[in-house]
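Have a look at the structure below, then the notes.
Nothing in this text is a laboratory measurement; each read-out follows from the coordinates by a stated rule. Being a predicted model, the structure only gives us computed values, none of them experimental. Positions of Cβ are backbone-derived with ideal geometry, glycine not excepted, and every protein chain shown enters the neighbour counts.
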Amino acid sequence: MKVWGYTRPLFVADDPSTDVDDLHELGVDHVIVEHGHRSIEERSRLLDLTQRGDHLVVTSLERLAPRLVDLVHALIALNDRGVVLRCEDLPDLDASSEPAVELLDALSGYASRIVSHTTKDGLRAASKPVGRPPRLDAAGIAMVHELRNVGRSVPHIARVLQVSNTTVYRALGEDSPSR
């Protein structure tokens, strides 16, 4: 029986070297590292190397497969080969057992984490800030402070700058009064 480890980058800039160290600390003899965050070539090679009774250790399900369909195919292939999967972030998961509820619960969490990683990867690639653009730039914020220092009211400043009272309070660093 051999204890195998497998990891891959979760997104373009991810470095799986920490994951490799974690796998060695978990007693893994052989670690296979995928080099592309969407690739599964090395995992296919790993499946060819494993034998009945071997163990495959991953730190998380998203390290095993980039998409849910790939994960299902990997789980079926591991089960067919008689390889035992151990996932460190789901210690109670027994991928070779029949209870589908446990597996489906794990898969739903897996799917949401993959979407999160994919979204973050896309945002990094686009180099765009996240969220709504601010209504006031640095000059606008300076104008808010200047008008407030000369005694203007928040509603007056909001009308002049064509923003909400809340935006003015936020620029001043004050809490808006509750209604």
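Worth pointing out:
- Karplus (6.51, -1.76, 1.60) ³J(HN,Hα), θ = phi - 60°, over the range 143-151, in Hz, Gly and Pro reported as x: 5, 4, 5, 5, 5, 5, 5, 8, x
- Across the range 64-75, computed HN-Hα scalar couplings (Karplus, 6.51 cos²θ - 1.76 cosθ + 1.60, θ = phi - 60°) run 7, 8, x, 9, 4, 4, 5, 5, 4, 4, 5, 4 Hz from first to last residue, x flagging Gly and Pro.
- Between amide H atoms placed 1.01 Å from N, distances below 5 Å from I32 occur with G5, Y6, T7, all of them 5 or more places distant or on a separate chain.
- Under 5 Å between amide hydrogens, built in the peptide plane, is the criterion, and for L85 it picks out L56, A95, S96 among residues at least 5 positions away or on other chains.
- Burial order of peptide ranges 64-77, 113-126 (average beta-carbon count within 10 Å, highest first): 64-77, 113-126
- Estimated vicinal HN-Hα couplings, Hz - the range 8-17 in sequence order (Karplus 6.51, -1.76, 1.60; Gly, Pro = x): 7, x, 7, 8, 3, 8, 6, 10, x, 4
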